[in-house]
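Note sheet for the following structure.
Taken together, the values in this text are just the output of simple stated rules run on the coordinates, not laboratory data. If you're wondering where the values come from, they're calculated on a predicted model, not measured in any experiment. For neighbour counting, all protein chains shown are included, and Cβ atoms are generated from backbone atoms with ideal geometry for every residue, glycine included.
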Protein chains: 2
Amino acid sequence: LPKDARTLAWDQLDESIRGEVFFALNNPARKTLLEGVDADSLIAPLAELELNEIAIIAPQLPDNVVKSIEEKLDVREREQLQSVLSYDDSQVGSVIDFDQIALRGDVTVAVALRYLRRLKDLPDHTDKIFIVDHSGKWLGVLRLRTLITAKPDKKLSELMDTDVPTFKPQDPALDAAQAFDRYDLFSAPVVDDNGRLVGRLTVDEMLDLLRKYEEQTQLAEVGVKSEEDIFAPVTRSIKNRSPWLAINLVTALIASQVIGLFEDSIEQLVVLAALMPIVAGMGGNVGNQSITMIVRELSNRALTKSDIAILYSKELKVGLFNGLIWGGVLGLVIILLYQNPPLAVVILGAMTINFLSAAFFGVTIPVIRAKLGRDPALGSSVMITAITDSGGFFIFLGLATIFLL
Amino acid sequence: LPKDARTLAWDQLDESIRGEVFFALNNPARKTLLEGVDADSLIAPLAELELNEIAIIAPQLPDNVVKSIEEKLDVREREQLQSVLSYDDSQVGSVIDFDQIALRGDVTVAVALRYLRRLKDLPDHTDKIFIVDHSGKWLGVLRLRTLITAKPDKKLSELMDTDVPTFKPQDPALDAAQAFDRYDLFSAPVVDDNGRLVGRLTVDEMLDLLRKYEEQTQLAEVGVKSEEDIFAPVTRSIKNRSPWLAINLVTALIASQVIGLFEDSIEQLVVLAALMPIVAGMGGNVGNQSITMIVRELSNRALTKSDIAILYSKELKVGLFNGLIWGGVLGLVIILLYQNPPLAVVILGAMTINFLSAAFFGVTIPVIRAKLGRDPALGSSVMITAITDSGGFFIFLGLATIFLL
């Protein structure tokens, strides 16, 4: 909804669902809403949310609202909220859920089932319960489906699974989210450095996190930040998208200076100006194809040295043959259009060399970024385009200057 | 692993895990393996897999191997396999799992628990059981966590959830996968046109499907098909990547012909050749930013007419101001480099017009593709680049010809 309609809709919401609605909004929508409504009216609805939900939106709320919400919680909840808030957004600790069910390993199935039945309802996303020892140390997990089929006199510790992924509060949340995705987890234990069970992670938060991350990566590749939604004010959008345009202006200016080196050649043979963007642009395409292949491969596994050697050899061969094929096709078109066979040979050579350079850097850039622990997808496209543009202009105009003039 | 190492590794695998390993491989890896090993040796290991796993790999196997596998199944399994095989890859029917647990709604909790305990172990991904009537019609689902906390004398039909997503065998599998992602489903019922429970979908297959789809989309955007892995032969890679390079060659040739129209102008003022790629390239960036924003928005929800009007107005404003800002910056650089204020004014005008065109088509292309029921992400980038390249050259060289010569 546009901004004014948002406040209007908010006013008509039933108090009981306002908390959940506020939580379900995205950051920019919450921001505009906070500007439009009385912050105090948020306290009661938001205090009804789950702790980790409150923690997620707390950084956006005015300090006094967070304080008032904390006052509505009991001591234990307040401590948990403060613990969650003490972690950075990117850490597992910031998305912990404290609604786990933990039972001691020496309890029998019959006792456990009786205990659970007394709870009337189990928390959302409970597919397993956590088994701890007398001191609260995590021992393993017990799936509900195992519990249901188990003999009543068995001890939980005999039935539990110990070979499952666990996470620490200080672990990167994104790693945990990727593990949820890879192993189809529904919930998983969070264990502190002393082995004590702190809480759990649940699939809803984890998949949200993963989705947000993937969206951010996609947007970041064209220099848009995910905070921008389509109703964001024009000024915010301009600011948001500016750094990327600035980078691109710089790389384009460099390419333009490369062309400037050959002004004399272009003056003598002006068709060079018409053909040079083809060599540059096609090189960019070839480079981006290599990068995309390798980024996909890197997202699935780490590449060994021998993998990388195979990759270079393969991509360079593909670049060479593609250069010969498409340079040849373009050469034929040029002979038809301009009846200039030497020009056709120069473009064939320039295309092939630029494709080889595109293949080389198309492997090198993402591999190096991955080695440095950076996201190999991010920025690789801008870099390869800068190289194939400036490089393509230089190679084509250089060869033309040497052989045609 | 490279191809020859694959066969070697395969030979050393224990028979009991060969089926699962074969299933876990990706298509191209299975293909090379099939070329290297005796197909008959696959029959026994593959017959051990789950039905929907067999169904997924069956299309790749030689017909006689599939026949031999079918002979190892019992009558019911054979029927189920044939049913799964009768559906297209893209349909829910092709990924159905028949390991669901279904109970009648008039059964009590105590009876249900006794029955489940006799099964010893529940199938993987059982977070709920399915409730049916005496004729096998689907009535609802009962979560294990509800069953565990329920009073023993309650009937299952009093406890079940009916307001849950269900799928039909002929539904698009991708829609189901997106529902799994959106609603954090772990398993969901598949119901036929007569309301009978056919089987279930499980999170593992669904998230795999979603991941594969997202990967395909990313690769397709640069014209790479997901069948290609990094060890694919060079010839396959060249064929695979060719159509996209062909399209790009055509659009680049068109842009080059646009430049050709202005050869006289370039001959008179050769700096135009150096500056024209900046106008074209920056326009492409602006267009891709708009497209990426809108594709993200379209992936979350359908846009109403008023949304689209707001979008046009916003993106055009952003385009206008960005054009004035970056055209202005570039103009200053030109005055510094070439001491040519009229050229600076022309580039300011060309940049602004090209940015406006980029913003207009950046909204129009994905919106129209979505209206036509096509993936708005796919091909949008190639189209906008073609427009901003040819358009950018035309606008800049056209304005220069009118005002500078």
Next item on the list: Round to a whole angstrom and tell me the spacing of the C-alpha centers of the range B:44-73 and the range A:78-154.
Entry: 40 Å
Next item on the list: Just report the Cα centroid separation between the range A:300-334 and the range B:1-37, whole Å.
Entry: 27 Å
Margin query: Can you list the copy-to-copy distances for A:Y312, using a point 7 angstrom from Cα toward Cβ, in nanometres, shortest first?
Written below: 5.3
Check: Can you list, shortest first and in nm, the gaps between the label point of B:D124 and those of its counterparts in the other copies, using a point 7 Å from Cα in the C-beta direction?
Finding: 2.7
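Within a 10 angstrom radius of the beta carbon, how do B:T304, A:T401 rank from fewest other beta carbons to most? Display every interim value, and only then the final one.
Working: B:T304 9, A:T401 18.
Going from least to most buried by this count: B:T304, A:T401.
Count the DSSP beta bridges whose two residues both fall in the range A:1-143, then state the antiparallel fraction as a percent rounded to the nearest 5. Please report the intermediate quantities before stating the final value.
Numbers: 5 of 8 bridges.
If I count the DSSP bridges inside the range A:1-143, around 60 percent turn out antiparallel.
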Check: Under the definition of Cα pairs under 8 Å and six or more residues apart, what whole-number percent is the relative contact order of the range B:327-405?
Finding: 32 percent
Item checked: At 7 Å out from Cα toward Cβ: B:T235 inter-copy label distances (nm, ascending) -> 6.3
Note to self: Which aspartates and glutamates, if any, have their Cα less than 17 Å from the Cα of B:K67, not counting same-chain residues under 8 positions apart?
What the structure shows: B:D38, B:D40, B:E48, B:E50, B:E53, B:E77, B:E79
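Indicate, rounded to the nearest 5 percent, the antiparallel portion of the DSSP beta bridges found entirely in the range B:80-148.
60 percent
As a test of the formula, what do you get for chain A when each DSSP H run with n ≥ 4 contributes -39,500 (n - 2.57) and the sum is divided by the residue count, at 222 nm and rounded to the nearest 500 deg cm²/dmol?
Numbers: 18 runs with 268 residues, N = 405.
So the calculated ellipticity at 222 nm is -21500 deg cm²/dmol.
With a cut-off of at most 16 other beta carbons within 10 Å, and DSSP calling the residue loop, which trypsin sites (Lys or Arg not before Pro) in the range A:141-177 qualify? Please list them.
Details: sites: A:R143, A:R145, A:K154, A:K155; in loops: A:K154.
Sparse-neighbourhood loop trypsin sites (Lys or Arg not before Pro): A:K154.
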Next item on the list: Over every pair of different alpha-carbon atoms in the range A:66-110, take the mean of 1/r and invert it; report that Kirkwood radius in Å.
Entry: 12.6 Å
Next item on the list: Give me the net charge of A:S256's neighbourhood, meaning all other residues with Cβ under 14 Å from the Cβ of A:S256; Lys, Arg count +1, Asp, Glu -1.
Entry: -2
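Relative contact order, percent, of chain A when contacts are C-alpha pairs under 8 Å separated by at least 6 residues?
Working: 525 pairs, mean separation 49.4, N = 405.
Relative contact order of chain A: 12 percent.
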Next item on the list: Enter the angle in degrees (range 0 to 90, nearest 10) between the Cα long axis of helix B:75-86 and the first principal axis of the Cα atoms of chain B, meaning the one along which they spread out most.
Entry: 10 degrees
Notebook entry, point to check: Arranged by the count of other C-beta atoms within 10 angstrom, fewest first, what order do B:H134, A:H125 take?
Noted result: B:H134, A:H125
Item checked: Net charge of Cβ neighbours under 11 Å - reference A:V109; Lys, Arg +1; Asp, Glu -1 -> +3
Margin query: Quick check on the exposure proxy: order A:R301, A:R196 from fewest to most C-beta atoms within 10 angstrom.
Written below: A:R301, A:R196
Next item on the list: Could you tell me, in Å, what Rg and Dmax come out for the Cα atoms of the protein assembly as shown?
Entry: 30.7, 96
